[in-house]
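The values are calculated or read from the model by the stated rules, or taken from the named source; none is laboratory data. Values in this document were obtained by computation on a predicted structure and should not be read as measured data. Positions of Cβ are generated from backbone atoms using ideal geometry, with glycine treated the same way; all protein chains shown enter the neighbour counts.
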Amino acid sequence: MTISKEILDELLKGVDRPEDLLGDAGLMKELKIKLMERMLGAELTAHLGYEEGESAPPSQPNRRNGTSTKVLKGQDGELPVAISRDRDSSFEPELVKKGQTRIDGMDDKIIGLYAAGLTVRDIQAHLLDLYGLRVSPDLISRVTDAVLDEVREWQSRALDRMYPIVLFDALRVKIRDADSRTVKNKAVYVALGVTHDGSREVLGLWIAENEGAKFWLSVMNELKNRGLQDILITVVDGLKGFPEAITAAFPEAMVQTCIVHLVRHSLNFCSWKDRKIVAADLRRIYSAPSTEMAEAELDAFEEKWAGKYASIAPAWRRAWAEVIPFFGFDPAIRKIIYTTNAIESLNRVIRKSIKTRGSFPTDEAATKLIYLAIRKFEKDGRNVREWFAARNQFAIMFGERFDA
């Protein structure tokens, strides 16, 4: 639609300064209000079947009943709009629905600010400074609480039948306990799957104060109930009771300890000046071409460092049953499992969102923010690097299970 020059000239009469056009009492805001009121009047005309100022047809008992003012919140601040009414209240406007108080995607803006880690107070200040809007904490909470419905739908959606790799990881988040009113460190567990075509998909998130075999078995059963029938390789970070729960639910799944986390755990015992040397010696273990050579490298490592860092080699030996599957994989698969770029980048996105929060008032508040971070992560949609070579190896190693 093109607006003629004559109409524009007429509209711009008396507009001498930028604020006359764009200010709080400027032409743009007034024009927006008037256009909305005109469209609402046209909607009522269509509903009643006669124009304003005309007599109603005999077959129409309903009549116009003036207007009521509704203050809408939008990018232009507060907009007082006269909403057309009818006598029997059967008019349901489409432009501004009954009960609607926000326009211009204001809900999306609030959710976007919340997803960026801003607190309710920060969001209030931002909307006031940027748009001149005064919004209550209750309104912000209602808008962000709508995300919980999306979370429930997402957490119960159907999954693929098979995932070649599923990585399980945990983050620690401070959440206020509802009973004791004290802030506790709770674990947020995330399952990140790699699909048949190499794309990354977060399968779910769970918040718990304590983990164990019973908790993990409930997680596994939840995944099964959503359609997951087989996992080829699971990568875990020494989570208590997890290997047993995985094999109980998915007997054919290979359980692999996350090498990156094992290395980091080992380096925590080292002085800063020794870290590079110890890391290089550990690399000789996990880069060995076979289990036998890896065991020999572990023996050599222990002989060299047992006197100074006696805890490292035993930690590897305790996890050895979940380490050795790694040596049976082709380098293309090893690289995906070892680098864990996918789970690391997901954790980075989540940590960025929650770092400004000292603590969360409830599990639901933490769930909302973490889910929004996951949604942002999945929108990027990058596939696992060098998946083509890994996929061929999966097809060779797992045969029908991979192609099912």
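Observations, loosely collected:
- Number of positions in segment 236-259 that are at pLDDT below 80 and among the hydrophobic types (A, V, I, L, M, F, W, C): 3
- Hits in segment 383-404 (condition: outside any helix (DSSP H, G or I) and at pLDDT below 85): N383, V384, R385, E386, A404
- Filter result (touching a strand residue (DSSP E or B) at 6+ places or on another chain (Cβ under 8 Å) and of a type in the set (V, I, T)) within segment 334-365: I336, I337, T340, I343, I350, I354, T362
- A search for C-beta distances below 6 Å between a residue of segment 310-325 that is assigned by TED's automatic domain parsing to the domain that holds D299 and any residue that is surrounded by 13 or more Cβ atoms within 10 Å (Cβ to Cβ) and among the small types (G, A, S), counting only pairs 6+ apart in sequence or on different chains, returns I312/S266.
- Check on G14, at pLDDT below 75, outside any strand (DSSP E or B) and touching a Ser or Thr at 6+ places or on another chain (Cβ under 7 Å): no
- Residue count for segment 281-312, restricted to those that are buried (at least 17 other Cβ atoms within 10 Å of the Cβ) and at pLDDT below 90: 2
Table: residues versus (1) charged (D, E, K, R); (2) at pLDDT below 70; (3) surrounded by 15 or more Cβ atoms within 10 Å (Cβ to Cβ); (4) in a helix (DSSP H, G or I).
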| site | (1), (2), (3), (4) |
| --- | --- |
| M1 | no, yes, no, no |
| E19 | yes, no, no, yes |
| M28 | no, no, no, yes |
| K70 | yes, no, yes, no |
| L79 | no, no, yes, no |
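- Screening segment 213-257 for residues that are closer than 24 Å to F398 by Cα and free of Cβ contacts under 8 Å to residues at least 12 places away in the same chain and picking the one that is surrounded by the fewest Cβ atoms within 10 Å (Cβ to Cβ) gives P251.
- Summed over segment 346-375, residues that are basic (K, R), closer than 21 Å to R172 by Cβ and surrounded by 15 or more Cβ atoms within 10 Å (Cβ to Cβ) total 2.
- Selection from segment 302-320 of residues that are more than 16 Å from R264 (Cα to Cα) and touching a helix residue (DSSP H, G or I) at 6+ places or on another chain (Cβ under 6 Å): E302
- Residue within segment 174-186 that is free of Cβ contacts under 8 Å to residues at least 40 places away in the same chain, surrounded by 14 or more Cβ atoms within 10 Å (Cβ to Cβ) and closer than 22 Å to R375 by Cα present: no
- Criterion (modelled with pLDDT of 85 or more, farther than 13 Å from T367 by Cα and surrounded by fewer than 17 Cβ atoms within 10 Å (Cβ to Cβ)) met by exactly one of R200, R142, R152, R161: R161
- The C-beta contact set for segment 343-359 (first residue not assigned by TED's automatic domain parsing to the domain that holds Y114, second residue among the aromatic types (F, W, Y), distance under 6 angstrom, 6+ apart or interchain) comprises L346/F377; V349/F377.
- Of all residues in segment 51-68, exactly one satisfies the criterion of being outside any strand (DSSP E or B) and surrounded by 15 or more Cβ atoms within 10 Å (Cβ to Cβ), namely N62.
- Residue match in segment 391-404 (condition: assigned by TED's automatic domain parsing to the domain that holds D177 and under 27 Å from H265 (Cα atoms)): no
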